[in-house]
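K.L.:
Quick one: the structure is below, and I'll ask about it shortly.
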Amino acid sequence: MLAQQFINAISLGGVYALFALGFTLIFGVLGIVNLAHGAVFMLGAYSALHAVILLRLPLMAAILAAIVTTGAAGWLLDKLIFAPLRARDAPHLAPMIATIGLAICLSSSVEGFFGAQNLRFPVEALPTETLSLGGIRITWLELQIVLLAFVLMGILMWCLKQTRIGRALRGLAESPKAAALLGIDVEGLFRFTSVLASLLGGVAGVLIALYTNAVFPLMGQPMLHKGIAVVILGGMGDIRGALLGGFFLGFAEVFSVAYIGSTMRDAVAFGLLFAILLLRPDGLFGKATQRRA
Amino acid sequence: MNLKLNILSAILGISFLYGNAVAADIKIGIAAALTGNAAQYGLPIRQGLELAAAEINVRGGVNGNRLELIIEDEQGKKEEGINVFKKLIFQNKVMMLFGPTLSNSAQASDPVAQTAKVVVFGTSNTADGITSIGDYVFRNSVTERDILPITLKIAAQNTGLKKVAVIYGNDDIFTKSGYDNFKKALRDLKIPVATTETFAKGDVSFKPQLTNIRASNPDAVVLSALVAEGAPIMVQARQLGITLPFIGGNGMNSPRVFELAKGNSDNLWVGSPWSVESPAPENKRFIAAYLKAHGTMPDQFAAQAYDAMYIAAQALKTIKLTGKLETDRKALRDALPATQWNGATGPFKFRRIVGRNGKPAGYDAVQTAIVMVTQANRYVIKN
Amino acid sequence: MEWLDNFWATYSTLLLSVGTNVLLALSIYLTLACGLLTVANAAFMAIGAYTAALLTLQTGTPFLLALILGALLPALVAMLIGRPTLRLSGVYLAMATLAFGEVVRILILNAEDLTGGALGLNGIAQLTTGFDVAFALIGALYVLLRFAGSRIGRAMAAIRQDEIATELMGLNVRAYKLFAFVLGAALAGLAGALNAHFTFFISPNEYGFERAVEILAMGVLGGTGSPWGAVLGGVVITLLPELLRGFGHYRPLINGVVLIVIIIYSPQGIWDLTRFIRRRHSGKPAVN
């Protein structure tokens, strides 16, 4: 049973980490807590779902469709909301409140088009194999989610370190003003980040929807709630921290169910988070002075 | 879909104009969750009520009076529920109210109707204590207290279960209320509980709880959930190799379980007064009419709403309308308790319940349970 | 005055909700005014609501006393968690307070014997009148407006501008922060206690993440520069859905669009827009 719970924790942690990657990226570069990230995540799931159902596309093509939709959503998000607010030199909480409005718009539009009821991917489209080893079971899909979280983290970190655009992004995260003085296209990079973060959210939406079998207009809301915890636990804007934070929350939840009782699960997880923040005011894995965008 | 309905009601409106040009309208208020998360339950309720009202109107209304529905969205929120109730009662001056969709909203808004002395008829509020608010509160939604013991008994006879594990949503009034009734029924039937687990709305993974359940070695899993979480729970249980029967409350009585848990939906036991498979002619007629009007299969929410409108119409038929709102509202309240009906959910009558203060209060439903088990994407009736 | 009676009968709950929501907006204004991003207000509201409702339901405590205790208990809790928590800043403070709120909600959910768990508390007497809410509101506004022009108000503004400089000037920054946090908690608790006594029913889920974010939105949308901003934010966010009722299915969509438009065209808050009008009235020329 312990081994199974360990596997459960890894798989749940992977889910949280995958969601958190895009969320933390926006915070790291734009300095915005994007409360519409859950809605973008939902948009990804719906795009892929309808690509599969209506256009009869294979799953891979559907993921591509989700990337296109959510990427476009990210572009619009920056163009219509973040950029005008930057131009007006808005106080730092203003964009966050605007993203609440956007989340309402997205989820109510999707509800208007597709209804409020839960939907799921057709069984034919799902990878359904389960791996079983001495009573311990994990599905292929869970494994893929965990692997993808690690791969994406690796790619992101490599890009930030090794590529020109990555270095520019890190510079931007440290100081937009300095970056602009150095001739970096600040506005373009902000937009690029918003697109990248949103499409990461979209991919997460598809995979997690495949796993939960529950696609509904407000599916992003509970994820957002957990995602905030994960990202802050890992140190805001920290890519590796998002992954570690995700696994930390996954383990905290699973093992409180295993050893304390499922009614106390969220109290234990969030109580732990509260205590950690008091002991380490910049997150479990965060550094006080330096932001790793 | 909406357009179709609009055309339908337009036609009905015209036929009414030529039919009984002198009769008055009876205004009926409907408060349902039409946007937000609870809209998945509110929409079928609205469609069930509209279908029944359209049928009644096309047959000449109630004693020649046409039923006029005034529909408001209460979003499944308690303050919205109160606001909508007040608007319908004081501004639209409705004769009676249907709704609201969720038990939470009912706990907050039904007292408004009680104080204003307007009948409020719940079609989907199952939580204990709602009808104890007062003598103007009625419901035809299943009270699980009567149904669950029968479900458990028949499931036990068929599967030979000796002990069960329980999993329920502890943050939701519907699933928690269902659990309380399961707990009582299990105690009365002396079925030991190996472990009790909870989940929260919107959970991604139920595997930690299911792993605990698997380790406790039960013969069946008792599940108090709505289909939105219940179906994923069944899927994840099968992924963990738990092939045990599931026993659910009426939240799991939905044809959608076959879609949401496709390939893993077998061996789920549920009990309810309504079954999509019930061969009663009234039910067959209802399903055919609903399918024609809305293009989808009805669920239990739609069936109960449909019957509720007929029950109210039946009571309205027996009273003589004076045109004075207070008198008519009171007359309707006095006529309702004795009303009986045989509709899509089978034979129906009201039963008065005792309120919190020990005095008689509102009215619950008395109905017969149909116990079913899922097999190859169908519900099979077992009693 | 039949029209007025009818209006009050129909909209009394809405107006009372406006009142309690403005109190909530004022409660978060207090901390925002010190530059503190705390979002525990929904939890304090829950503590206030449950305290007062349990008192009137089970012990028959007079309403006024229940209200006072409903404001005091959250203040006490705020005092306890405030000391360690307020050392945090920015989003970390937001997260810590959010986590605290979640723990409170789960504890209420689990303390079934006392709170009824998910089934909530029902049959709460309707004791809140328009006068109670108006009195609480005027009182809170009076105090906060007095602060705004006083030493306390200036200290808070200074902390928001530059915490370290303020500390160096010899002000007890931690004490001021704690004061704002505790007073905010009391206001949120009072709002919860009042709200519980005109809605008949409370349940833990009303006080979760969504409510916390909604309160924050009221504070920011109105503007954090003046208590009047919070008043405006509370009024707009409460009335907007009701004003848009005629739009049916499009209501939430339009609601969201309006929020975005307000923020984009008035990023400093709605109160900031009235600056020009205010300037004109006081005879000074408007500055760009």
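Quick grid of which residues meet (1) in the same structural domain as B:L43 (by TED's automatic domain parsing); (2) touching a Lys or Arg at 6+ places or on another chain (Cβ under 8 Å); (3) over 21 Å from B:Y310 (Cα atoms):
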residue: B:M96; (1), (2), (3): yes, yes, no
residue: B:P100; (1), (2), (3): yes, no, no
residue: B:S105; (1), (2), (3): yes, yes, yes
residue: B:A108; (1), (2), (3): yes, yes, yes
residue: B:K117; (1), (2), (3): yes, yes, yes
residue: B:F121; (1), (2), (3): yes, yes, no
residue: B:S124; (1), (2), (3): yes, no, no
residue: B:G129; (1), (2), (3): yes, yes, yes
residue: B:I133; (1), (2), (3): yes, no, yes
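K.L.:
A:H92 fails exactly one of the following numbered conditions: (1) at the interface with another protein chain (Cβ under 8 Å from one of its Cβ atoms); (2) outside any helix (DSSP H, G or I). What is the number of that condition?
P.N.:
In the conditions (1) at the interface with another protein chain (Cβ under 8 Å from one of its Cβ atoms); (2) outside any helix (DSSP H, G or I), A:H92 misses (1) alone.
K.L.:
Ok, one more. Just checking, which of B:W274, B:W269 is over 16 Å from the mean Cα position of the chain (by Cα) and crowded, with 18+ Cβ neighbours inside 10 Å?
P.N.:
After applying the criteria, what remains is B:W269.
K.L.:
Can you find, within the stretch A:150-184, the residue that is modelled with the highest pLDDT among those that are in a helix (DSSP H, G or I) and small (G, A, S)?
P.N.:
Ranking the candidates gives A:G154 first.
K.L.:
Against the definition (over 22 Å from the mean Cα position of the chain (by Cα), part of a helix (DSSP H, G or I) and without any contact (Cβ under 8 Å) to a residue 12 or more places away in the chain), how does A:G112 come out, yes or no?
P.N.:
So A:G112 fits the description; yes.
K.L.:
For a quick check of your reading: which helices (runs of 4 or more DSSP H) sit entirely within the stretch B:25-138 and have at least 3 residues that are modelled with pLDDT of 95 or more and farther than 21 Å from C:T199 by Cβ?
P.N.:
Where helices (runs of 4 or more DSSP H) fall fully within the stretch B:25-138 and carry at least 3 residues being modelled with pLDDT of 95 or more and farther than 21 Å from C:T199 by Cβ, they are B:39-58.
K.L.:
So if I check each of B:T368, B:T327, B:T322, B:T296, which one is modelled with pLDDT under 95, β-branched (V, I, T) and within 18 Å of B:K27 (Cβ to Cβ)?
P.N.:
The conditions single out B:T322.
K.L.:
Hey, any hits in the stretch A:237-256 for a residue that's surrounded by fewer than 24 Cβ atoms within 10 Å (Cβ to Cβ), over 15 Å from the mean Cα position of the chain (by Cα) and of a type in the set (F, W, Y)?
P.N.:
yes
K.L.:
Hey, any hits in the stretch C:61-79 for a residue that's hydroxyl-bearing (S, T, Y) and under 25 Å from A:T263 (Cα atoms)?
P.N.:
no
K.L.:
Then there is this: Any idea which of C:L137, C:L178, C:L183 is farther than 21 Å from C:P84 by Cα and in a helix (DSSP H, G or I)?
P.N.:
One residue alone meets the criteria, C:L137.
K.L.:
With respect to B:L325, is the statement that it is within 14 Å of chain C (Cβ to nearest Cβ), surrounded by fewer than 22 Cβ atoms within 10 Å (Cβ to Cβ) and closer than 25 Å to B:L69 by Cβ true?
P.N.:
yes
K.L.:
Sticking with this structure for a sec: State which residue is farthest from the other protein chains (Cβ to nearest Cβ) when the search covers only the stretch C:201-214 and only residues that are crowded, with 24+ Cβ neighbours inside 10 Å and either part of a loop (DSSP other than H, G, I, E, B) or among the hydrophobic types (A, V, I, L, M, F, W, C) (or both).
P.N.:
Checked the stretch C:201-214; the qualifying residue farthest from the other protein chains (Cβ to nearest Cβ) is C:A212.
K.L.:
Would you mind stating whether A:A20 is of a type outside the set (V, I, T) and surrounded by fewer than 22 Cβ atoms within 10 Å (Cβ to Cβ)?
P.N.:
Considered against the rule, which asks whether it is of a type outside the set (V, I, T) and surrounded by fewer than 22 Cβ atoms within 10 Å (Cβ to Cβ), A:A20 comes out as no.
K.L.:
Which numbered condition trips up C:S27, out of (1) closer than 30 Å to C:A165 by Cα; (2) within 12 Å of another protein chain (Cβ to nearest Cβ); (3) surrounded by 24 or more Cβ atoms within 10 Å (Cβ to Cβ)?
P.N.:
(2)
K.L.:
Something else: Any residue that is surrounded by fewer than 21 Cβ atoms within 10 Å (Cβ to Cβ), hydroxyl-bearing (S, T, Y) and under 22 Å from B:A53 (Cβ atoms) - is there at least one of those in the stretch B:354-374?
P.N.:
Among the residues of the stretch B:354-374, not one is surrounded by fewer than 21 Cβ atoms within 10 Å (Cβ to Cβ), hydroxyl-bearing (S, T, Y) and under 22 Å from B:A53 (Cβ atoms), which makes the answer no.
K.L.:
Restricting to the stretch A:185-227, name every residue that is part of a helix (DSSP H, G or I) and among the aromatic types (F, W, Y).
P.N.:
Listed by number, the residues that qualify are A:F190, A:F192, A:Y211.
K.L.:
Collect the residues in the stretch B:217-231 that are at the interface with chain A (Cβ under 10 Å from one of its Cβ atoms) and over 16 Å from B:D171 (Cβ atoms), keeping them in residue-number order.
P.N.:
B:V227, B:A231
K.L.:
Go through (1) assigned to a helix (DSSP H, G or I); (2) away from chain C (no Cβ under 14 Å); (3) within 25 Å of A:A39 (Cβ to Cβ) one by one and return the number of the condition A:S107 breaks.
P.N.:
The single condition A:S107 does not satisfy is (2).
K.L.:
Select from the stretch B:66-90 the residues that are among the acidic types (D, E) and in contact with a helix residue (DSSP H, G or I) (Cβ under 8 Å, 6 or more places away or on another chain) and write down the one among them that is nearest to B:P100 (Cα to Cα).
P.N.:
This residue is B:E74.
K.L.:
Which condition number in (1) buried (at least 23 other Cβ atoms within 10 Å of the Cβ); (2) over 24 Å from B:Y136 (Cα atoms); (3) more than 19 Å from the chain's Cα centre (by Cα) is the one that B:A315 fails?
P.N.:
If we test B:A315 against (1) buried (at least 23 other Cβ atoms within 10 Å of the Cβ); (2) over 24 Å from B:Y136 (Cα atoms); (3) more than 19 Å from the chain's Cα centre (by Cα), just (2) comes out false.
K.L.:
How about the stretch A:235-267: which of its residues are within 18 Å of A:F41 (Cβ to Cβ) and in contact with a Gly (Cβ under 6 Å, 6 or more places away or on another chain)?
P.N.:
Listed by number, the residues that qualify are A:A242, A:G245, A:G246, A:G250.
K.L.:
Where in the stretch B:253-362 are there helices (runs of 4 or more DSSP H), lying wholly inside it, with at least 3 residues that are closer than 28 Å to B:V62 by Cα and of a type outside the set (A, V, I, L, M)?
P.N.:
Qualifying helices (runs of 4 or more DSSP H): B:281-294, B:300-318, B:325-335.
K.L.:
Now for a different question. Exactly one of these conditions fails for C:L171: (1) free of Cβ contacts under 8 Å to residues at least 24 places away in the same chain; (2) not in a loop (DSSP other than H, G, I, E, B). Give me its number.
P.N.:
With (1) free of Cβ contacts under 8 Å to residues at least 24 places away in the same chain; (2) not in a loop (DSSP other than H, G, I, E, B) applied to C:L171, the lone miss is (2).
K.L.:
Looking only at the stretch A:236-270, count every residue that is within 9 Å of another protein chain (Cβ to nearest Cβ) and more than 17 Å from B:D171 (Cβ to Cβ) and tell me the total.
P.N.:
5
K.L.:
Of the conditions (1) assigned to a helix (DSSP H, G or I); (2) buried (at least 20 other Cβ atoms within 10 Å of the Cβ); (3) in contact (Cβ under 8 Å) with a residue 12 or more places away in the chain; (4) within 13 Å of chain A (Cβ to nearest Cβ), C:T224 clears all except one; give me its number.
P.N.:
Looking at each condition in turn, C:T224 falls short on (1).
K.L.:
Shifting gears a bit: Out of the residues in the stretch B:151-194 meeting the condition of being touching a residue at least 40 places away in the same chain (Cβ under 8 Å) and surrounded by fewer than 16 Cβ atoms within 10 Å (Cβ to Cβ), tell me which one is nearest to the other protein chains (Cβ to nearest Cβ).
P.N.:
Across the stretch B:151-194, the extreme among qualifying residues is B:K163.
K.L.:
Follow-up question, since we're still on this one. Before we move on, is C:G70 assigned to a helix (DSSP H, G or I), under 15 Å from the mean Cα position of the chain (by Cα) and small (G, A, S)?
P.N.:
So C:G70 fits the description; yes.
K.L.:
Mind checking which residues of the stretch C:73-126 are outside any helix (DSSP H, G or I) and either surrounded by fewer than 19 Cβ atoms within 10 Å (Cβ to Cβ) or touching a strand residue (DSSP E or B) at 6+ places or on another chain (Cβ under 9 Å) (or both)?
P.N.:
C:R87, C:S89, C:A111, C:G116, C:G120, C:L121, C:N122, C:G123, C:I124, C:A125, C:Q126
The values are calculated or read from the model by the stated rules, or taken from the named source; none is laboratory data. All values derive from a computational prediction rather than experimental measurement. As a convention, Cβ positions derive from the backbone with ideal geometry for all residues, glycine included, and neighbour counts pool all protein chains shown.
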